[in-house]
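Q: Just dropping this structure here.
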Amino acid sequence: MFISRELMLSSASYFGVSLTDNQVDMFDSYAKMLHDYNEKVNLTAITDPDGIVIKHFADSLALFKYVDIKNGMKIADVGTGAGFPGSALLIADNSLKVTMFDAVNKKLDFIRYALCELGLCADVVHIRAEDAGRQKEYRETFDIVTARAVAQLRILSEYCVPLVKVSGVFAPMKGEISDEEKQTGLSALNNIGMKLYDTVSYNIPTGEARNIFLSKKLSHTSPKYPRNSAQISKKPL
């Protein structure tokens, strides 16, 4: 195996996820494909087997512990990069209807290849988040929208919240975060119709700090959101 079976099992268990032997094998295959593909396309700076297990796979699986994810839910992963958390969630529960958005198509080409090799199905969409949020097929259709280490919280909120259905959940995954980013981010969530109901702070098995800000959508997003990326960057919520 490319990765340690024991580390994969213990890291998933750390977040309350039990994996079958077949799922561990799928994570192993994904990690090996990620490592090999990364030699020709820059997908991630984390390419050692243990790093992939803990900093990509386990970090992604934390959502199962802190978010109420039910079988068959529609989940959007915005700015998915090399497929995290979306691909990891799908390997752990292939009943999920996962859509992965990214503006960099060469990264999505890897995800399409890897999921095809594993026999898994997901919508892998080459689009900017602010454009997805304006399209009828995506706007306010997802039970859960997440993004992992993509942008400041107040900027990320405008990109992602238009995708969340009413009563759905926005669950951005962040590393260590300043008090200023937290306060401006929570203010932005409130301004765009979300109600924060929990802030989860935890550590991945390496000890590094992580945060998930859980908010529920109370009402439809105003048609004026999302604005274009230049407006969002120049004058964040």
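The values are calculated or read from the model by the stated rules, or taken from the named source; none is laboratory data. As the structure is a computational prediction, the values presented were derived from the model and not from experiment. Every residue, glycine among them, receives a Cβ derived from its backbone with ideal geometry; neighbour counts consider all protein chains shown. Surface areas here come from the heavy atoms of the whole protein model, side chains and all, with no ligands, DNA or RNA. Shrake-Rupley method; radii C 1.70, N 1.55, O 1.52, S 1.80 Å.
Q: Given the structure, is Tyr138 in contact with a Leu (Cβ under 7 Å, 6 or more places away or on another chain) and either at pLDDT below 95 or not aliphatic (A, V, I, L, M) (or both)?
A: Criteria met by Tyr138.
Q: While we're here: Residue under question is Phe101, and the condition is that it be in a helix (DSSP H, G or I) and not aliphatic (A, V, I, L, M); does it hold?
A: Details: in a helix (DSSP H, G or I): no; not aliphatic (A, V, I, L, M): yes.
Here the answer is no, as Phe101 does not meet what is asked.
Here's the yes/no breakdown for (1) open to solvent by less than 50 Å² (accessible area, probe 1.4 Å); (2) under 21 Å from Gly86 (Cβ atoms); (3) out of contact with any Ser or Thr (no Cβ under 9 Å at 6 or more places or on another chain):
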site: Pro172; (1), (2), (3): yes, yes, no
site: Gly185; (1), (2), (3): yes, no, no
site: Asn190; (1), (2), (3): no, no, no
site: Ile204; (1), (2), (3): yes, yes, no
site: Arg210; (1), (2), (3): yes, yes, no
site: Leu218; (1), (2), (3): no, no, no
site: Pro226; (1), (2), (3): yes, yes, yes
site: Lys234; (1), (2), (3): no, no, yes
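Q: Further question: For region 39-68, give me each residue that is open to solvent by 30 Å² or more (accessible area, probe 1.4 Å) and outside any helix (DSSP H, G or I). Even if it seems obvious, please write down each step before you answer.
A: Applying the first criterion (open to solvent by 30 Å² or more (accessible area, probe 1.4 Å)) to region 39-68 yields 39-40, 42, 45-50, 55, 64-66, 68.
Residues satisfying the conditions are Glu39, Lys40, Asn42, Ala45, Ile46, Thr47, Asp48, Asp68.
Q: Same structure again: Quick check: anything in region 74-94 open to solvent by 40 Å² or more (accessible area, probe 1.4 Å) and either without any contact (Cβ under 8 Å) to a residue 60 or more places away in the chain or in contact with a Gly (Cβ under 6 Å, 6 or more places away or on another chain) (or both)? Let's see the steps before the verdict.
A: Within region 74-94, the subset open to solvent by 40 Å² or more (accessible area, probe 1.4 Å) is 74, 94.
Restricting the remaining residues to those that are either without any contact (Cβ under 8 Å) to a residue 60 or more places away in the chain or in contact with a Gly (Cβ under 6 Å, 6 or more places away or on another chain) (or both) gives 94.
Yes, the conditions are met somewhere in region 74-94.
Q: Also, I was wondering about something else. Select from region 79-101 the residues that are closer than 16 Å to Val145 by Cα and out of contact with any strand residue (DSSP E or B) (no Cβ under 7 Å at 6 or more places or on another chain) and list them in ascending order.
A: Start the filter on region 79-101 by keeping residues that are closer than 16 Å to Val145 by Cα, which leaves 79-81, 83-90, 96-101.
Within region 79-101, Ser87, Ala88 meet the criteria.
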